[in-house]
1. Being part of a loop (DSSP other than H, G, I, E, B) and either among the charged types (D, E, K, R) or surrounded by fewer than 24 Cβ atoms within 10 Å (Cβ to Cβ) (or both) is the filter here; which residues of region 54-82 pass it?
2. Can you pull out every residue in region 166-209 that is part of a strand (DSSP E or B) and among the charged types (D, E, K, R)?
3. Give the residue, chosen from PHE29, PHE22, that is open to solvent by less than 50 Å² (accessible area, probe 1.4 Å), in contact with a Pro (Cβ under 8 Å, 6 or more places away or on another chain) and at pLDDT 95 or above.
4. Among (1) in the same structural domain as GLY143 (by TED's automatic domain parsing); (2) open to solvent by 40 Å² or more (accessible area, probe 1.4 Å), where does ILE375 come up short?
5. Do you know which of the residues in region 307-331 that are buried (at least 21 other Cβ atoms within 10 Å of the Cβ) and more than 13 Å from the chain's Cα centre (by Cα) is nearest to the ligand (Cβ to nearest atom)?
6. Which count do you get for residues in region 53-95 that are aliphatic (A, V, I, L, M), under 30 Å from ALA156 (Cα atoms) and either away from the ligand (no atom under 16 Å from the Cβ) or touching a Gly at 6+ places or on another chain (Cβ under 8 Å) (or both)?
7. Scan region 151-159 and tell me whether some residue there is more than 15 Å from the ligand (Cβ to nearest atom), under 24 Å from SER250 (Cα atoms) and either in contact (Cβ under 8 Å) with a residue 24 or more places away in the chain or open to solvent by less than 20 Å² (accessible area, probe 1.4 Å) (or both).
8. Only residues that are open to solvent by 10 Å² or more (accessible area, probe 1.4 Å) and part of a helix (DSSP H, G or I): list them for region 103-135, please.
Amino acid sequence: MLTKPSKSDPDRPYTIYASTVFNSRSLAFDKDVSIRIDPKIGCIISVASTPPNLGLVQAPDFDLRGYTILPGFVDSHAHVLVHAFSETPAIYQEKDESLTERILRAGNNAKAGLKAGFTTYRDLGTEGAFNADIGIRDAISRGIIPGPRLFVATEALASTGGYEIRQENKIGGTFVPRLSDPCDGVDGVKSAVRRRIGSGADVIKFYAEYRRRTLRFPQPTWTGSIPIKYPPYSTGKMNDNLNNPLNPPSTLFDQDEMNAIVIEAKRAKAPVAAHASSPEAVIMASNAGVTSIEHGAMPFDESLEAMKKNDTIFVPTLCVADLELGSDKENLKKVLAHTKKAHDMGIRLATGGDTGESPHGENVRELELFLEAGIPLEHTLRAATLGGWEACGGDWCGYRFGWVGEGWQADLVVLEGDPREDKGALRRVDMVIKDGNVVVDRGRIVE
Ligand SMILES: [Zn+2]
């Protein structure tokens, strides 16, 4: 059924004839649409109604009637340099895997994301691989390796002692890679933002809070290490998965520092993503004017009220809750209900699975969790397309993607089936077009 573009002239504009196209602005599934694409500039050059009873389609055009076409998906919270924690826990990836292995794995991760229909990743930190995301981004942009378009954070910002590999033996200054660019005080955080921007970061990520007291009651981490015998708070209701009192999250920056991070990033026209879960951290970061709150899992209404007031994008990373809460279905339900409430209040949402922690290629799981939370399909798809573009900074990012419209990037996902009838269709990616080029065909990467 598919007619491929002519290989002899890959730069020639072509037309896609489609029976169903998701419109991420009107939230309608538009019928009978023709999309004209110029692969030379990577953009859609026109979108028009297609007359029914279309004649024989000529190469290099595509007859994709019978499929569902969506704008390319955006994973708004991914880590291309991290692979599934179920394979290797974070600390060993950061501490023990060679940088070479991590970068080679990133190439595989990028391919897996692309095959799942994700044409853009907002990549929020290398987790100990310094600025390696910059080179990966550029290798993809230059066409050296296939992958989603990356918007990268390089190293996240955290205050001293806030986000780092903790180990009990530091005798002799045992060296481990740093997990963040540590910075303190208004002047210090401004310098850090300038370092990130100067290194080539697209987006600034900072830890508004973190569970930084691991070494107060250290957990056994090596063969033969002994657990604390009588840890406090270990009985009954005091030990809640959403707020572990042994090592609770606490804010890493004061309000002036958070404000300074946002002011400095905005001067460079870079969006800001803040890691925050407790209401205290969510409210401080949201009031500072960040673009998005990442995680925000603690289900408190005052967090939602702050995001609503400040028009902050919420990236709830439901995959993290799904993985980390495991069999604790009661708390998972609370987290899903919190996201649904955010949707009902009109808070802008974007889907990001914290992919890396969960496997690349399974990115669509975040959309499935949005649906499980009760967010309607059309709004979930908006969060996975246009919502992602907004999280990348909108026009600040230099591209327009996440909507099938004239002048927008020609990023398309072609699904076998219709997700309105069968949610499983979201996983049946037949073809992916990125920047007007077919990058996945019949579920396989086009090398
Ligand atoms: Zn993350």
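The values are calculated or read from the model by the stated rules, or taken from the named source; none is laboratory data. The model shown is predicted, which means the values in this text are computed figures rather than measured ones. Glycine also receives a Cβ, built like all others from the backbone with ideal geometry; neighbour counts cover every protein chain displayed. We work out accessible area using only protein heavy atoms, side chains counted, and drop any ligands, DNA or RNA first. Shrake-Rupley method; radii C 1.70, N 1.55, O 1.52, S 1.80 Å.
1. Start the filter on region 54-82 by keeping residues that are part of a loop (DSSP other than H, G, I, E, B), which leaves 54-61, 72, 79-82.
Once the filter is applied, which keeps residues that are part of a loop (DSSP other than H, G, I, E, B) and either among the charged types (D, E, K, R) or surrounded by fewer than 24 Cβ atoms within 10 Å (Cβ to Cβ) (or both), region 54-82 yields LEU54, GLY55, LEU56, VAL57, GLN58, ALA59, PRO60, ASP61.
2. Going through region 166-209, the residues part of a strand (DSSP E or B) turn out to be 180-182, 204-207, 209.
Answer for region 166-209, where residues must be part of a strand (DSSP E or B) and among the charged types (D, E, K, R): ASP181, LYS205, GLU209.
3. Working: PHE29 fails: in contact with a Pro (Cβ under 8 Å, 6 or more places away or on another chain).
The conditions single out PHE22.
4. Only one criterion is unmet by ILE375, namely (2).
5. Kept after step one, since they are buried (at least 21 other Cβ atoms within 10 Å of the Cβ), are these residues of region 307-331: 307, 312-321.
Now restrict to residues that are more than 13 Å from the chain's Cα centre (by Cα): 307, 312, 321.
Values: MET307: 18, THR312: 17, ALA321: 13 Å.
Only one residue fits best here, namely ALA321.
6. Within region 53-95, the subset aliphatic (A, V, I, L, M) is 54, 56-57, 59, 64, 69-70, 74, 78, 80-82, 84, 90-91.
Still in the list and also under 30 Å from ALA156 (Cα atoms): 74, 78, 80-82, 84, 90-91.
Retained after the next criterion (residues that are either away from the ligand (no atom under 16 Å from the Cβ) or touching a Gly at 6+ places or on another chain (Cβ under 8 Å) (or both)): 74, 78, 80-82, 84.
Result for region 53-95: 6.
7. Yes, region 151-159 contains a residue that is more than 15 Å from the ligand (Cβ to nearest atom), under 24 Å from SER250 (Cα atoms) and either in contact (Cβ under 8 Å) with a residue 24 or more places away in the chain or open to solvent by less than 20 Å² (accessible area, probe 1.4 Å) (or both).
8. Scanning region 103-135 gives ILE103, LEU104, ARG105, GLY107, ASN108, ASN109, LYS111, ALA112, LYS115, ALA132, ILE134, GLY135.
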